[in-house]
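Input: a single structure, listed below in structure tokens.
The values are calculated or read from the model by the stated rules, or taken from the named source; none is laboratory data. Source: prediction; values computed, not measured. All accessible areas refer to the heavy atoms of the entire protein, side chains included, with ligands and DNA or RNA removed. Shrake-Rupley method; radii C 1.70, N 1.55, O 1.52, S 1.80 Å.
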Amino acid sequence: MFGDLRREVGEAIGKVCKMEGVTIIKAATLLDYVHIYVSIPPKESVAKVVGRIKGKSALMLFDRHPE
């Protein structure tokens with residue numbers, strides 16, 4: 001991911017993490033995927049939080065880029 005798409009992916013993930021109460025410690029994008037190192041509240045399930053981040057950010061990006 002490069003340029004505008006990379007920026008939009010970062011913004012979408014950042015918004016979702018803020019809504020979920022998750023702190024992004026470090027993030028990196030490669031050609032076709034994203035790595036994020038986060039701090040999740042102890043009462044939350046890791047799998048559920050990751051699923052919500054992936055799902056909500058994907059929907060945000062699909063709204064902007066339906067193609």
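The heavy atoms of Asp63 offer some 130 square angstrom of accessible surface to a 1.4 angstrom probe.
Working note: 222 nm ellipticity from helices only, DSSP H runs with n ≥ 4, each -39,500 (n - 2.57), summed and divided by the residues of the chain, gives -19000 deg cm²/dmol to the nearest 500. Couplings 3J(HN,Hα) for the range 10-19, derived from phi with the Karplus relation 6.51 cos²θ - 1.76 cosθ + 1.60 (θ = phi - 60°), are x, 5, 5, 5, x, 5, 5, 4, 5, 5 Hz, where x marks Gly and Pro. The mean sequence distance of close C-alpha pairs (under 8 Å, at least 6 residues apart), as a share of the length of the chain, puts its relative contact order at 33 percent. Along the range 43-54 the Karplus relation, 6.51 cos²θ - 1.76 cosθ + 1.60 evaluated at θ = phi - 60°, assigns HN-Hα couplings of 7, 8, 7, 4, 4, 5, 5, 4, x, 5, 4, 5 Hz to successive residues, with x for each Gly and Pro.
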